[in-house]
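In what follows, a structure is listed as C-alpha cells, so that the remarks can point back to it.
The values are calculated or read from the model by the stated rules, or taken from the named source; none is laboratory data. Keep in mind that what you see is a predicted model, and the values were worked out from it rather than measured. Note that each Cβ is placed from the backbone with ideal geometry, even for glycine, and that neighbours are counted across all protein chains shown. What goes into the accessible areas is simple: the full protein's heavy atoms, side chains included, and nothing from ligands, DNA or RNA. Shrake-Rupley method; radii C 1.70, N 1.55, O 1.52, S 1.80 Å.
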Amino acid sequence: MRTVISYILLVLITSGVVISGPSDPVYIQELSGKVKNTVTGLPVSNGHIKVIDYSTVVPKEIARVTIQHNGRYKITNFSVTKIEGVKILAYPSDVVWDGGWGLAYSPTGPGNNGGGGNNGGNWLYTFNLSDAIVEGNKYSLDIDVSWSDFTNKDFKLNQNYPNPFNPVTSISFDLPVSLNVTLKVYNISGEEVAVLADNQFFTAGNNEIQFDGSNLASGIYFYKISSAYLNDIKKMTLIK
C-alpha cells in the first residue's frame, strides 16, 4: 500500500500538481464587499473593517481598512493560517476596541455570533471569513450593521433663496447620508402645484433644486420635503 501511495504522490508532483499541507498558509487575492445599515438599507461609510487571524496561538491582525464613502471595502493580497478561525470585524469610526478586548486574551474573537458584540456601548460586528462567497482566491462578504452614518449630523431643509423670488428660486437641503427624497410645492390652499423630486435618490451632502414659478400667480407657497429621516416644510413668497 505504501508503494502505491508513494507512486501516486510521485506522479502528482512530477505532473506539476501542488499538494498543500494542512499548515500551509492560504493566500487571498481579494476580500471585498459592501456595508449597509440593517434598518435603512443605506450604505454605511463611517467605520472600519479589520481582519483578525484567530487560528494562531496569539491572534494576529492581518489588515485594517476604512469603509469607503459608498459603503464598500476592499482588502487585497494577504495570507492567513487557515480560513476557519479568521474573523472579519466591522466597527464605527469612533470605536477603539483593541485595548478593551485584548487580542492575545480573546482566542475566540470579540463576539462569535455573526451579529454584534457590545464594547462599552459601542457596537462591534463579527463575521467569519468562511461565510464569504469564494471565486478562485477572491472572497466576497457583505456586512449588515445597525450603526448609522449620521451620528451628530443634521438633516436640514434650508430656506429657499432668493425669497421673495420672481420667478426662479433655489431650494436646498442637507443630507448626512444618501437618501431617497420627495420634494413638492403647495399653494396656500394646500393644493399640490409642483413636484420637484419624486422619491428621487440624492447623495450625501448639500443638494439644490431650482424651482420655476413662471406659471404660478403671485402669493405664498409652501415646499415640503419627505424622506425616511427628514420631513419638513417651509414657506416662500412669489412676487411678480
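For segment 225-240, the tally of residues that are among the basic types (Lys, Arg) and modelled with pLDDT under 95 stands at 1.
For the criterion of being open to solvent by 60 Å² or more (accessible area, probe 1.4 Å) and either within 29 Å of the chain's Cα centre (by Cα) or more than 24 Å from Ala90 (Cα to Cα) (or both), Asp174 fails. Taking the stated definitions as given, is Val80 at pLDDT 60 or above and in contact with a Leu (Cβ under 9 Å, 6 or more places away or on another chain)? Yes, satisfied. Against the test of being closer than 27 Å to Ile49 by Cα and touching a Ser or Thr at 6+ places or on another chain (Cβ under 7 Å), the options Asp144, Asp131 yield a single qualifying residue, Asp144. Annotation: Phe211 fulfils all but one of (1) more than 30 Å from Val44 (Cα to Cα); (2) of a type outside the set (S, T, N, Q); (3) not in a strand (DSSP E or B); the unmet one is (3). Go through segment 183-223 residue by residue and tally those that are at pLDDT below 95, in contact with an Asp or Glu (Cβ under 8 Å, 6 or more places away or on another chain) and open to solvent by less than 50 Å² (accessible area, probe 1.4 Å). Of the residues in segment 183-223, 1 are at pLDDT below 95, in contact with an Asp or Glu (Cβ under 8 Å, 6 or more places away or on another chain) and open to solvent by less than 50 Å² (accessible area, probe 1.4 Å). What's the number of the condition Asp154 fails, among (1) within 23 Å of Lys36 (Cα to Cα); (2) part of a strand (DSSP E or B)? Going through (1) within 23 Å of Lys36 (Cα to Cα); (2) part of a strand (DSSP E or B) one by one, Asp154 breaks only (2). All conditions but one from (1) modelled with pLDDT under 85; (2) buried (at least 16 other Cβ atoms within 10 Å of the Cβ); (3) small (Gly, Ala, Ser) apply to Gly47; the one that does not is (1). Summed over segment 57-78, residues that are closer than 15 Å to Leu129 by Cα and open to solvent by less than 60 Å² (accessible area, probe 1.4 Å) total 6. Looking only at segment 125-151, residues that are over 14 Å from the mean Cα position of the chain (by Cα), crowded, with 18+ Cβ neighbours inside 10 Å and either at pLDDT below 85 or assigned to a strand (DSSP E or B) (or both) come to 3 in all.
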